[in-house]
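Engineer: Can you read through this structure? Questions will come right after.
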Amino acid sequence: MFNLIIEKIIQLDTNLFFVLNVRTQNSVLDFLMPILTNLDYWRIPLTILVILLLIFGGKRGRIAVALLLVGITLSDQLCNSLIKPLIGRIRPCHVLENVHLLINCTGSFSFPSSHATNIFTGMIILSFIYRKLRMVLLSIAAMVAYSRIYVGVHYPLDVLGGIMLGIICAGIVIYLYKLFSRRYPRISFKTDVV
């Protein structure tokens, strides 16, 4: 019975993958999604953001950078060093035919998506610190997560699993920060009012 349920879930996941990967194809997304999903395009803007937060962000900016480092280290290690090897799911671009593949298909495991995990961890942490930017930050995270399906390297459940893991990791970091900031008020900051 359990195996039948798992098979049905995997079939639904595969069907949804083809809807999101093949049936939504268009020239605009074919151009945009490989850019959104490629970490090389994010390195310089993220480095500049970290430098600006450290130099001009004051206490809040320094706290943001510290929480991002802790959060993304946690999420990346849990995802890549623990969960992916434990689950061992093969990427769709290695096992399915007619995948609309727009980037190289790596040999690493598929579940959960580390891109989705890390981007959601980071954007939720930033949303906690900069609440006025919440919708923009979470929209960016959602687009990056969707890009992983569109370019053909992850199933929808991989992305959903990554989003859930990112939410959990961000929640842990935010919870611990709140706990420590109550005990050590010097490390607290005023959040934006929504």
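Engineer: Looking at G88, G58, G71, which one is modelled with pLDDT of 95 or more and either farther than 30 Å from R131 by Cα or not aliphatic (A, V, I, L, M) (or both)?
Structural biologist: Exactly one of G88, G58, G71 is modelled with pLDDT of 95 or more and either farther than 30 Å from R131 by Cα or not aliphatic (A, V, I, L, M) (or both), namely G71.
Engineer: Quick one: is S110 under 15 Å from the mean Cα position of the chain (by Cα) and at pLDDT below 95?
Structural biologist: Yes.
Engineer: Answer yes or no as to whether G71 is under 22 Å from the mean Cα position of the chain (by Cα) and small (G, A, S).
Structural biologist: When the stated conditions are applied, G71 passes them.
Engineer: In segment 68-88, how many are of a type outside the set (D, E, K, R), free of Cβ contacts under 8 Å to residues at least 40 places away in the same chain and not in a loop (DSSP other than H, G, I, E, B)?
Structural biologist: 9
Engineer: Would you say R23 is surrounded by 14 or more Cβ atoms within 10 Å (Cβ to Cβ) and of a type in the set (D, E, K, R)? Even if it seems obvious, please write down each step before you answer.
Structural biologist: Details: surrounded by 14 or more Cβ atoms within 10 Å (Cβ to Cβ): no; of a type in the set (D, E, K, R): yes.
No: the conditions fail for R23.
Engineer: So, one more: When you scan segment 53-67, how many residues do you find that are assigned to a helix (DSSP H, G or I) and either surrounded by 13 or more Cβ atoms within 10 Å (Cβ to Cβ) or touching a Leu at 6+ places or on another chain (Cβ under 9 Å) (or both)?
Structural biologist: Residues flagged as assigned to a helix (DSSP H, G or I) and either surrounded by 13 or more Cβ atoms within 10 Å (Cβ to Cβ) or touching a Leu at 6+ places or on another chain (Cβ under 9 Å) (or both) within segment 53-67 amount to 10.
Engineer: Take the residues of segment 155-184 that are in contact with a Pro (Cβ under 7 Å, 6 or more places away or on another chain) and not aromatic (F, W, Y): which is farthest from L68 (Cα to Cα)?
Structural biologist: D158
Engineer: Please indicate, with yes or no, whether at least one residue in segment 32-52 is of a type in the set (S, T, Y), under 16 Å from the mean Cα position of the chain (by Cα) and either under 21 Å from Y155 (Cβ atoms) or not in a helix (DSSP H, G or I) (or both).
Structural biologist: The answer is yes, given that some residue of segment 32-52 is of a type in the set (S, T, Y), under 16 Å from the mean Cα position of the chain (by Cα) and either under 21 Å from Y155 (Cβ atoms) or not in a helix (DSSP H, G or I) (or both).
Engineer: Please go through segment 27-67 and pick out each residue that is among the polar types (S, T, N, Q) and without any contact (Cβ under 8 Å) to a residue 40 or more places away in the chain.
Structural biologist: S27, T47
Engineer: Turning to a different aspect of this structure: List the helices (runs of 4 or more DSSP H) inside segment 96-194, counting only whole elements, that have at least 1 residues being buried (at least 16 other Cβ atoms within 10 Å of the Cβ) and acidic (D, E).
Structural biologist: In segment 96-194, the matching helices (runs of 4 or more DSSP H) lie at 156-183.
The values are calculated or read from the model by the stated rules, or taken from the named source; none is laboratory data. Since the model is a prediction, treat every value here as computed from it, not as a measurement. No Cβ is skipped: glycine too gets one built from the backbone with ideal geometry, and neighbour counts run over all protein chains shown.
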